[in-house]
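Input: a single structure, listed below in structure tokens.
The values are calculated or read from the model by the stated rules, or taken from the named source; none is laboratory data. The structure displayed is predicted, hence computed values, not measured ones. Neighbour counts run over all protein chains shown; Cβ positions are idealised from the backbone, glycine included.
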Amino acid sequence: MTTTKATILERARLGQRLDGLFLFDAHQHLGEWHQFHMPKCEAADVIAVMDRIGIAQAATSGVPAAVGSDFRAGNDLVIAATRAYPGRLHGYIVVNPNDPAGVAPEIERCAAEGLAAVKIHSYHGKPYDCAEYRPAYEIANSRSWPVLAHTWAEELPAIDRLAAEYPNIRWLLAHAAAAEPQKYYDLARRRDSIFLDTCNSACTWNAVESLVKETGPEKILFGSDVSFLAATQQIGRVLFARISDRDKELILGLNARRFFRLD
Amino acid sequence: MIELFDSNVRLGVPNKCVPGEPTSVEGLLAELRRLSIAQALVRHRLALETGPVAANHRILEELHSTQALLATWSLLPESTRETGDPAETVDRMIRLGVRAVWLYPKTHSYTLRDWCAGSLLTALEDRRVPVFLLFDEVVPDELAELLDRHRRLNVVLSNVNYRTNRWLYGLFARYPSLRMDLGAPHSLSGFVEQVVKRFGPERLLFGSGFPEHEIGPAVSYLLYAEISDDDKQLIARVNLHNLLGAVR
């Protein structure tokens, strides 16, 4: 008798925990935000969802830092979470370009706690290639750290320049192809150090398939944008995509191994 | 495997669409088969391009031999009589086997207040025909007034924005006849679990908004929720089945 291994789609359609695959969520957040109610935004909540789906590890940043002004508190949330869940949660350090003198010291403070990646967000009102961010890039480049950048297409020219200037940084562009997808495809094809994450609430037709076709599956990382969005919903964009299981495995976790240098 | 009945699938060609987007009966059926979706309730895009009269005619033509796809209609207020006398039209619609209606007040340039759409809403309420509303077509105050005046009208809000709990929970608490589907862009950690616990699993429907939004995320949003399999069955199929079964 021969048995056929169930596909990822078949397992997901049954709501099965995805044991046996390496799943990594490259874009998470912890903590509350003023604009809307987030019912489950603490580290224990996130871990419970990861356990239900079978997500082994994630990289997270603090909402109060990522889209707020309370940088230390946001980074402290992440430090506490990485201590509480070692090996499960990795932390992004968010820096404050509106406090340029504090950028390098805040990175060193968080690095001493084991954080080794940077998150930047255009909510802070500064272009990514401004002088205020430079200390963060200098440190990230000298240590070959990854940088996650919130993007909505308009930030891409600055990222392009920065990728040329800081060759040791691996860049992850959030919400890839949610707006002006061709610009993301072009940039990811042109720059080896630029990777794209999948999170987008809209879930438009064929978006993940187009990313794979245009940039290759090795350039794409699954990111959920938890706790703003639901990992349970966002992962469906990959699990049910019209791509091969090998491509799904790359996007769901294997690319993150390389990107975050987990091995 | 939990059987799925998608409450929100679109047929027909939009003015602007992503290349390759399925727009035909065959295209919809292929995607439903791929994801093992048993049935879908279908609206016709023509209602948002040409108008409800053309859409209502076309959807019956296109779905006449398809068991898995159930037609819905779109109607207009009585003032211009474009879709006829509300009570007569609703009666004819039900006799033709159509048991759900989509209203697009913003796109069709009218209001849901009783001075404008009162007899249409009363006709639908009297026959227990569920009314589907896209999130972008109605504002919270208008929806609250509608639900206040038509307490037995079953209303389903579709493709809801995920940043809405502060008013959405208020409506759920006040109006038992309000439901919503799980189609994108809705995506919020802990939402499904919290709504089931606070307001009951009857308030949610499995509906995707396909092909504007992929079906897969709505599937995983439901199947990976931390709720019981019984609750998943209700949301996946039974709630919609019951809504359609209540039409008289």
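The table below lists the values:
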{"quantity": "Members of the stretch B:15-47 found to be within 11 Å of another protein chain (Cβ to nearest Cβ) and either aliphatic (A, V, I, L, M) or part of a loop (DSSP other than H, G, I, E, B) (or both), listed by number", "calculated": "B:Cys17, B:Val18, B:Pro19, B:Gly20, B:Glu21, B:Pro22, B:Thr23, B:Ala30, B:Leu35, B:Ser36, B:Ile37"}
{"quantity": "Single condition A:Gly114 does not satisfy, out of (1) more than 16 Å from the chain's Cα centre (by Cα); (2) at pLDDT 95 or above; (3) assigned to a helix (DSSP H, G or I)", "calculated": "(3)"}
{"quantity": "Qualifying residues in the stretch B:2-13 (those that are part of a loop (DSSP other than H, G, I, E, B) and either basic (Lys, Arg) or touching a residue at least 40 places away in the same chain (Cβ under 8 Å) (or both)) - the one surrounded by the most Cβ atoms within 10 Å (Cβ to Cβ)", "calculated": "B:Leu4"}
{"quantity": "Residue count for the stretch A:209-263, restricted to those that are in contact (Cβ under 8 Å) with a residue 40 or more places away in the chain, over 29 Å from A:Gly31 (Cα atoms) and among the small types (Gly, Ala, Ser)", "calculated": "0"}
{"quantity": "Test result for A:Val95, in contact with a helix residue (DSSP H, G or I) (Cβ under 9 Å, 6 or more places away or on another chain) and modelled with pLDDT of 95 or more", "calculated": "no"}
{"quantity": "Contacts under 7 angstrom Cβ, first residue in the stretch A:10-21 being of a type in the set (A, V, I, L, M), partner not in a helix (DSSP H, G or I), 6 or more apart", "calculated": "A:Ala12/A:Phe240; A:Leu14/B:Met1; A:Leu18/A:Gly54; A:Leu21/A:Gly54"}
{"quantity": "Members of the stretch A:57-77 that are surrounded by fewer than 19 Cβ atoms within 10 Å (Cβ to Cβ) and among the hydrophobic types (A, V, I, L, M, F, W, C)", "calculated": "A:Ala73"}
{"quantity": "Counted residues, the stretch B:155-183 - those being within 10 Å of chain A (Cβ to nearest Cβ) and of a type in the set (Gly, Ala, Ser)", "calculated": "1"}
{"quantity": "All positions within the stretch B:184-217 that are assigned to a helix (DSSP H, G or I), at the interface with chain A (Cβ under 7 Å from one of its Cβ atoms) and crowded, with 24+ Cβ neighbours inside 10 Å", "calculated": "B:Phe191, B:Gly216, B:Pro217"}
